[in-house]
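These notes are about the structure you will find just below.
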Amino acid sequence: MSQQPFVLLITSEELNPQNIYSSCFELNLAKCLQKEFEVGVFSVHIDASLIGKAKQFFKAPSLGTFKNVLIYLFQLLTEKVKIKTYLINQVSVQEVVGKYWYSGAKTPLSALNKWSDLGMKGFFKAYIDTGNCPV
C-alpha cells in the first residue's frame with residue numbers, strides 16, 4: 001500500500017468558517033487536489049502586537065481595554081503560536097494564530113517576513129504536537 005503524496009497550502013489571508021470567501025481559491029484548489037493527494041491548508045493569522053494593544057488602552061483607557069492588554073500579555077507569555085483546526089467544505093484547515101511583542105516597521109517586506117515566520121512556527125508546532133506532517 002503506497003501512501004499518497006502530501007500537499008500543504010498556506011493561505012495569504014485568515015481563513016476560518018466565518019471567512020471562507022476570502023480564500024475560496026485555496027479551498028477549491030484543495031478540493032481538486034484531494035483526488036490525488038493528501039491535502040492540508042494552513043491559514044496564517046497575525047494577531048496584533050502587545051504594543052498595539054497597549055496603544056489602544058492609552059487612546060481609550062477603560063477597564064475593558066486594560067483587561068484586554070493583560071489577557072494578551074498572558075497569552076503571549078504562555079503560547080505565542082496557537083493552532084485552531086476547522087473542516088471547511090471537507091477540507092482540513094489549520095488556522096495558525098501568532099502573537100507578537102512588537103509589530104515592527106510596517107513595510108511590505110517586514111509583513112512578508114512576519115507572515116512566513118508565523119507559517120513556519122505553526123508548521124513546526126503542528127509537527128511537534130502530532131508527530132507527523134500537519135493535515
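Looking at segment 1-127, I'd like the Rg to Rh ratio, where Rg is from alpha-carbon atoms and Rh is Kirkwood's inverse mean 1/r.
1.06
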Radius 13 Å from Cβ of residue 119, net charge of other residues (Lys, Arg +1; Asp, Glu -1)
-1
What residue among 75, 118, 49 has its Cα farthest toward the positive end of the dipole of segment 42-135, where the charges are +1 on Lys, Arg and -1 on Asp, Glu, each on the Cβ?
49
Helix-only estimate, please: 222 nm mean residue ellipticity of the chain, summing -39500 (n - 2.57) across DSSP H runs of length 4 or more and dividing by its residues, to the nearest 500.
-14500 deg cm²/dmol
Tilt relative to the chain, helix 63-78 - C-alpha long axis, 0 to 90 degrees, to 10:
50 degrees
Using a probe radius of 1.4 Å on heavy atoms only, what accessible surface per residue do you get for segment 55-135? Whole Å² is fine.
67 Å²
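Using a probe of 1.4 angstrom, how much of the accessible area of the chain is carbon and sulfur, in percent? Kindly include the intermediate steps, with their values, before the conclusion.
Details: 5410 of 8670 Å².
Heavy-atom surface of the chain belonging to carbon and sulfur, 1.4 Å probe: 62 percent.
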Cut-off under 19 Å on the C-alpha distance; same-chain residues fewer than 8 positions from residue 106 excluded. Which lysines are left, in chain and number order?
53, 55, 114
Any number yet on Rg/Rh for segment 32-100, C-alpha, Kirkwood?
1.20
Angle check, please: helix 50-59 long axis (alpha carbons) against the longest principal axis of the chain (alpha carbons), in degrees 0 to 90, nearest 10.
40 degrees
Just to confirm a number: summing +1 for Lys and Arg and -1 for Asp and Glu over residues other than residue 50 whose beta-carbon lies under 13 angstrom from that of residue 50, what do you get?
+3
Would you tally the net charge around residue 107, using a Cβ to Cβ cut-off of less than 15 Å, leaving residue 107 out, and scoring K and R as +1, D and E as -1?
+1
Can you tell me the orientation of helix 108-130 relative to the chain, as the angle in degrees between its alpha-carbon axis and the longest Cα principal axis, to the nearest 10?
60 degrees
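The values are calculated or read from the model by the stated rules, or taken from the named source; none is laboratory data. All figures in this text were calculated on a predicted structure; none of them were measured in a lab. In this analysis, Cβ positions are derived from the backbone assuming ideal geometry, glycine residues included, and neighbour counts consider all displayed protein chains. When the accessible area is computed, the model is the full protein with side chains, heavy atoms only, and any ligands, DNA or RNA have been set aside. Shrake-Rupley method; radii C 1.70, N 1.55, O 1.52, S 1.80 Å.
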